[in-house]
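Below: one structure, written as structure tokens.
The values are calculated or read from the model by the stated rules, or taken from the named source; none is laboratory data. Just so it is clear, the structure is predicted and the values come from calculations on it, not from any experiment. FYI the Cβ positions are ideal-geometry reconstructions off the backbone, even for glycines, and counts take in every protein chain you see. Areas reflect the complete protein model, heavy atoms only, side chains present, ligands, DNA and RNA absent. Shrake-Rupley method; radii C 1.70, N 1.55, O 1.52, S 1.80 Å.
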Amino acid sequence: MSDKLRYGDFASAMTINQVSISYNELTPKIAVDADGNELPYVPPKLSLTPRDLFRVLEPYINVRVVEQLRSVVPLALYLALFQLLILRTGVTDAGLISGGVIAVILGLVLFMEGLKLGLMPFGESIGTVLPAKAALPVVMMVALLLGVGVTFAEPAIGALQAAGSMVTAEDAPYLWALLNPWSGTLVLSVGVGVGLAAVLGMLRFIYNWSLKPLIYLTLVPALGLLLYLLSDPELSKTIGMAWDCGAVTTGPVTVPLVLSLGIGVAAATGKGDTSLSGFGIVTLASLFPIIAVMLLVIYLASTVSPEQIIQQAAVAQAEIASAGQWYQQTPWVEAIGGFRAIVPLVLFLLFVIKVVLRESVHNAGIVTYGIVLCVVGMVIFNIGLSYGLSKLGGQSGGLVPAAFATVHGVDGSPLYGFLLGLMIAGAFAWFLGYGSTLAEPALNALGITVETLTNGAFKKSLLMNAVAFGVGCGIAAGTLRMVFDLPLAWFLIPTYLLAAVLTALSTEEFVNVAWDSAGVTTGPVTVPLVLAMGLGFGNSTAATDGFGILSMASIGPILTVLSVGLMIQLKLYRQRQAEVEEGHSNEKDRS
Amino acid sequence: MSKREITVLTDVALITCVVQRGFADEVIAAARDAGAQGATTYYARGSGVRERLGIFGVAIDVEKEVINVVVSQDQLDRVFERMYLAGKLDTPGMGFIHVTALEKAATYVPEEVKEKLHRSVRRRG
């Protein structure tokens, strides 16, 4: 009595009810007009039930919010918990700061989505069409202007202005002038640096130049200007800020937009197939602005005297005290800043597409939506920046010295012995750098690229750890530097010289990866936090200026990645050597 | 050297599922839990419902992942259903799934599995 039953029949009987309908019933019949011509079919708009709407929007919003939560919340929690547990001090204005952090997350969500929908399509179409349609000088011009535009649109650049409010004119007049009345010019010069880097990076793609000589050629004027600034006690206070600018520039707007143009040029000239195309621009874009800003400092010094600036600052102080116009108060400052950051870039991109390329904009509706998101996101981000991240960073930075020194407002400080406290402060800075770098999504992407480029010789996890280790050490070194108030140049010159030596020894691949990794690691969350932390730290210790931590965080990973690269090369060389020897001995055996 | 032979598999079907970028892993996990032996994913761009949703169309990614899963006839309905549910394909814009009949397929089949099957076939015959 064993009836044979096919398992397939059993399985289909057990599954969900399947109802079959013929697809013929669903597809439209083609309509014909009076002359017998076929009319193109226009599908009707779909109306969504609320449940469907939720199911469509839920993953869309979820994925994007979680992405930003991951980069912001651990850092903010780390700072807050460190303050509570190690420094035993409550977070003042906790409510305001939490609100600010939420605003940062929300702003980043909107901004990144807007960037993807609104600005990236422009960048891509310019990247692919422009090099094919326009002559090289036109492309260079566009690249130069694009460099300026993207710098203004970079979210982290707002952190510089926010940092400006923490500097006093009496202590460092030129620094104050650059960050307050001259901040527009400062960003402009950074932008010109980025633009020139884009142009040079593009030429590099076309003529297949090696990155090494370009690095040397940029380092010589950079270090030369550094020495010049060092010779003047007033100007030397701006060194930290100038070198920090390099790390600030390379963010989520600059990198993809400039890269897409560069890769487009490389593809149009038929040189796009080298595995390294795409690298190098980030390196140049973080070195050139340093030079540009230092030149600006020298120009400023030749036109204005410190006394004039201090006078000007006093006037500005009085203006702020009288509350100024409505557009000089938050949140209007941030709102106007957001518009000023995005709108010129959009207009420039539109101009290039419409006038230079004579292309039409596809999906105008979605692009507009993206641009609106960008502006709204930027405004919310800027508000969050000044109320959340900068405040939190400044507060923690200001309190950390309580571990080893007497800080006004902290009961019982120094909390620990000098040496132990110093170690705690160093460890705090190190873990801040290490953790925030590992969380940076751009680093993960770089790791994957590098692993494929080197055929697995350079593992993704190894690269990520090397970079994060370098950033951690850099931030720790930058923080401790302020404790002893050593000149930043003492740190910058030897490390960059060492980097140059290591560069000479390394192969082209590792040089590209190592120098780019420095720019990749400093995203829109890390930069403001670290900047504000440094300034707060600088204010509570005797340091003359709180800048310079970011520049140390840039050179750190260059050194670690180059060293790890050299170690891998050595290992591969030894392996090959051993194989050759084995081959020799085998031959001897045979003979 | 022994003569090489190919073991050809019959009663196979191909399930192809198109979902938005980033959703494939979940669908593949569901397929594997239902007994699918493996999956291949490739990237593509798609259009359709996105254009008809108006402003909500932005919530749907044009970048797609296309999942290919080869299953046996007996598994077909079960895997098909699990993939459909895991991909939430009953929501507009989430994706599409279809089945293609395959004539035959071949891949690595472990030696002992072949032995066992041959024996049972011989016993039956």
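Quick notes
- Accessible surface buried at the A:B interface totals approximately 2300 Å², computed with a 1.4 Å probe on protein heavy atoms.
- For the residue pairs B:Lys3/B:Lys114; A:Lys116/B:Lys88; A:Lys116/A:Lys354; A:Lys116/B:Lys64, the alpha carbons lie more than 18 Å apart in A:Lys116/B:Lys88; A:Lys116/A:Lys354.
- Excluding ligands, DNA and RNA, the accessible surface per residue across the protein assembly as shown is 49 Å² with a 1.4 Å probe.
- Ranked packing of A:446-452, A:58-64, A:468-474, most packed first, by mean Cβ within 10 Å: A:468-474, A:446-452, A:58-64
- Take each residue of peptide B:54-62, count the partner chain Cβ atoms within 10 Å of its Cβ, and average: the result is 5.
- Convex hull volume of chain A per residue (C-alpha atoms, cubic angstrom): 314
- Mean separation of Cα contacts under 8 Å, 6 or more apart, over the residue count of region B:9-124: relative contact order %: 42
- In sequence order, calculated HN-Hα J values of region A:176-192 (Karplus, 6.51, -1.76, 1.60; Hz; x Gly/Pro): 4, 4, 5, 8, 10, x, 9, 4, x, 5, 4, 5, 4, 5, 4, x, 4
- Most tightly packed first, judged by the mean number of other beta-carbon atoms within 10 Å of their residues, the peptides A:387-396, A:114-123 read A:387-396, A:114-123.
- For the segment B:74-81, counting C-beta atoms of other chains within 10 Å of every residue's C-beta and taking the mean gives 5.
- Carbon/sulfur fraction of accessible area - the protein assembly as shown, other protein chains in place, 1.4 Å, %: 62
- Chain-alone versus full-assembly comparison, region A:360-380, residues with accessible loss of at least 40 Å² (1.4 Å probe): A:Ile366, A:Tyr369
- Sorting B:Asp74, B:Asp11, B:Asp61, B:Asp33 on solvent-accessible area from highest to lowest, probe radius 1.4 Å, gives B:Asp33, B:Asp11, B:Asp74, B:Asp61.
- Averaged over the residues of peptide A:49-56, the number of Cβ atoms from other protein chains lying within 10 Å of each residue's Cβ is 4.
- Where trypsin sites (Lys or Arg not before Pro) fall in DSSP loop in region B:15-121, at most 16 other Cβ within 10 Å: B:Arg21, B:Lys104
- Residue-averaged [θ]222 nm for the protein assembly as shown, counting only DSSP H segments that reach four residues, each worth -39500 (n - 2.57): -21500 deg cm²/dmol
- Sorting A:296-302, B:38-44 by their mean Cβ neighbour count within 10 Å, with the most densely packed peptide first, gives A:296-302, B:38-44.
- Gain in span if fully extended, A:Phe351 to A:Met423, counting 0.36 nm per residue against the direct Cα distance: 20.5 nm
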